[in-house]
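Please read the structure below before turning to the comments.
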Amino acid sequence: MSLFRFDAEDPSSMPAEFRGKLAGMYGWGNDQEVYAALPEDKRAALLLIARRLGQKDLWKAVGRIVNVYGVGGVGLYFAALIDLESELRGRRDFTPRFARHRDNSGGFLERHRRHASLHFLYIDRLGAERE
């Protein structure tokens, strides 16, 4: 089964796996409207990351997507549906080593990949939920 099928005939046609995750992003409306309005670089970034998360069985962790980064650095800012820190800490294919940035509380880096490795960062704000 292939996740996140891309329709070359209609590039604005949203893959079913994005249902319930894009609504309201950038104030643009429902899931399909947001997907159709995304610039090509952000749509490509979303598909690339979603496919990799699916391959690693981590798409289940992605809740509402707040932001998608395309040109200049591919990334997603999303609300996690599961305790992602516990999930990644218990896996051999991710490590917290070298994953933390100066402005983040912590993170995890996908191991054994030279290029395009998944990198998760989080921020713990005092008295607030994790970002």
- Across the range 14-30, the tally of residues that are on the phi < 0 side of the Ramachandran plot and either surrounded by fewer than 19 Cβ atoms within 10 Å (Cβ to Cβ) or in a helix (DSSP H, G or I) (or both) stands at 9
- Note on the structure: Taking first residues from the range 90-115 that are assigned by TED's automatic domain parsing to the domain that holds residue 126 and second residues anywhere that are among the small types (Gly, Ala, Ser) and in a loop (DSSP other than H, G, I, E, B), the pairs with Cβ under 7 Å that are 6 or more apart or on different chains are 107/99; 108/99; 109/99; 109/117; 110/117
- Task: Answer yes or no as to whether residue 63 is exposed (fewer than 14 other Cβ atoms within 10 Å of the Cβ), in the same structural domain as residue 20 (by TED's automatic domain parsing) and under 27 Å from residue 126 (Cβ atoms).
- Result: yes
- Does residue 33 qualify as being surrounded by 14 or more Cβ atoms within 10 Å (Cβ to Cβ), out of contact with any helix residue (DSSP H, G or I) (no Cβ under 8 Å at 6 or more places or on another chain) and at negative phi? yes
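The values are calculated or read from the model by the stated rules, or taken from the named source; none is laboratory data. Predicted model, so just to flag it, every value in this text is computed and none were measured. When we count neighbours, we look across all protein chains shown, and the Cβ atoms used for this are built from the backbone with ideal geometry, even at glycine.
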